[in-house]
Amino acid sequence: MASHPQTKLILTLISLTAAAALSLVWSLSRGSLPLSVSELWQAWSHAGPEPLMAQQLITELRLPRALSAFAVGGLLALAGALMQTLLRNPLADPYVLGISGGAAVGALSAMLLGLGSFWLTSGSVLGALLSMLLVFSLAHGSGSWTSNRLLLTGVVISAGWTALISFMLAVSADNTLRGMLFWLMGDFGQSGNPTVALLTLGIGVLLCLPLARNLTLLGRGELQAQALGVNVTRLRWAIYFIAAFLTAVAVTQAGSIGFIGLVVPHLIRLLLGNDQRLLLPASVLLGGTLLLCADTLARTVIAPQQLPVGVITAMLGVPVFLYLLRRGNHP
């Protein structure tokens, strides 16, 4: 009987991995040119009479976008789980500290000036880093920072970025306004190479797993964690910088995409409990799968037009989160 919970957890992770694989196949097969599973296999294995067009469609367009969506979903879910533990607040998400606002100001500045994709990415990264430094320095002050002080500082900084974003949208030309709005709502149309996002996701998981036991203890309370030998101050610094960096890369890759980092950790806690050794990798798998499915819907539901993926995640995330609140799920 003692092995039953462990078996359930292993089966859950296997199921999430299978769901991620199926969502990838579904994403590659959907679009303006639908492909069957056999056609996907022929294109992937360089078989069939005329596989060239399908190969180019998959390798140059659909696969990079699908991998970007999975990586960003995993980054946001992992960052959300870390932020909820750091702030001990079930309503915390990756954007609560204003990082997305700083990245948005940097990216929109590049768009407003008519600069290319390199400067858009660079501006987004610099804006995210600037926001991180502002929040950390202002929350820390001359002494140590607390979770409440960090949260309030992040909210204020985020409000400041929002004001700047509103000003930039108001003065932008009509021919750039649509692209700016799409970026703000989350869009993989210009996401580019997914390598950096995938590498960041892998590094993030490798950094977080050794901290999982201490994170579980921290979730039960700082005093209990300290009594069991956890260096709480060092752990909080590590969580903050890892979560902030994951969020910065995610926002740089695809803009601001809501609800993934907020809802996914709740769903995983509902299934697996609060053991961070399982919650973190499961959040990555489910977050990547959900965002991949959302992006597939965003580019196919009213094809040939595309929706910002943030619209889909909000439409799915709102009812799911309300359902979780109704169940009284308070991690």
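The values are calculated or read from the model by the stated rules, or taken from the named source; none is laboratory data. Please read these numbers as outputs of a predicted model, since none were measured by experiment. All Cβ positions, glycine included, derive from the backbone under ideal geometry; neighbour counts span all protein chains shown.
Worth pointing out:
- Qualifying residue in segment 217-230 (condition: β-branched (Val, Ile, Thr), out of contact with any His (no Cβ under 9 Å at 6 or more places or on another chain), closer than 30 Å to residue 68 by Cβ and surrounded by 15 or more Cβ atoms within 10 Å (Cβ to Cβ)): no
- With respect to (1) hydrophobic (A, V, I, L, M, F, W, C); (2) farther than 21 Å from residue 204 by Cβ; (3) crowded, with 18+ Cβ neighbours inside 10 Å, the lone exception for residue 251 is condition (2).
- For residue 181: the one exception among (1) assigned to a helix (DSSP H, G or I); (2) buried (at least 16 other Cβ atoms within 10 Å of the Cβ): (2)
- Of the numbered criteria (1) over 14 Å from the mean Cα position of the chain (by Cα); (2) in a loop (DSSP other than H, G, I, E, B); (3) not hydroxyl-bearing (Ser, Thr, Tyr), the one residue 92 fails is (1).
- Some residue of segment 220-235 being part of a helix (DSSP H, G or I) and among the acidic types (Asp, Glu): yes
- Residue satisfying condition, being touching an Asp or Glu at 6+ places or on another chain (Cβ under 9 Å), assigned to a helix (DSSP H, G or I) and not hydroxyl-bearing (Ser, Thr, Tyr), within set 298, 314, 294, 282: 298
- The condition (being of a type in the set (A, V, I, L, M), buried (at least 24 other Cβ atoms within 10 Å of the Cβ) and either at pLDDT 85 or above or closer than 23 Å to residue 119 by Cα (or both)) is satisfied by just one residue among 92, 69: 69.
- Exactly one residue out of 16, 82, 28 is part of a helix (DSSP H, G or I), surrounded by 13 or more Cβ atoms within 10 Å (Cβ to Cβ) and at pLDDT below 90: that is 28.
- Entry remark, segment 95-119: residues being within 24 Å of residue 266 (Cα to Cα) and outside any helix (DSSP H, G or I) number 4 in total.
- Residue check, residue 122 of a type outside the set (Val, Ile, Thr), at pLDDT 85 or above and surrounded by fewer than 20 Cβ atoms within 10 Å (Cβ to Cβ): no
- Subset tally (residues that are under 29 Å from residue 257 (Cα atoms) and over 21 Å from the mean Cα position of the chain (by Cα)) for segment 221-246: 1
- Of the criteria (1) crowded, with 22+ Cβ neighbours inside 10 Å; (2) more than 25 Å from residue 317 (Cβ to Cβ); (3) among the aliphatic types (A, V, I, L, M), which one residue 243 fails: (2)
- Only a single item in (1) β-branched (Val, Ile, Thr); (2) more than 17 Å from residue 208 (Cβ to Cβ); (3) in contact (Cβ under 8 Å) with a residue 40 or more places away in the chain is not met by residue 312, and it is number (3).
- Just one of the listed residues (206, 108) is over 15 Å from residue 255 (Cβ atoms) and of a type in the set (A, V, I, L, M, F, W, C), and it is 206.
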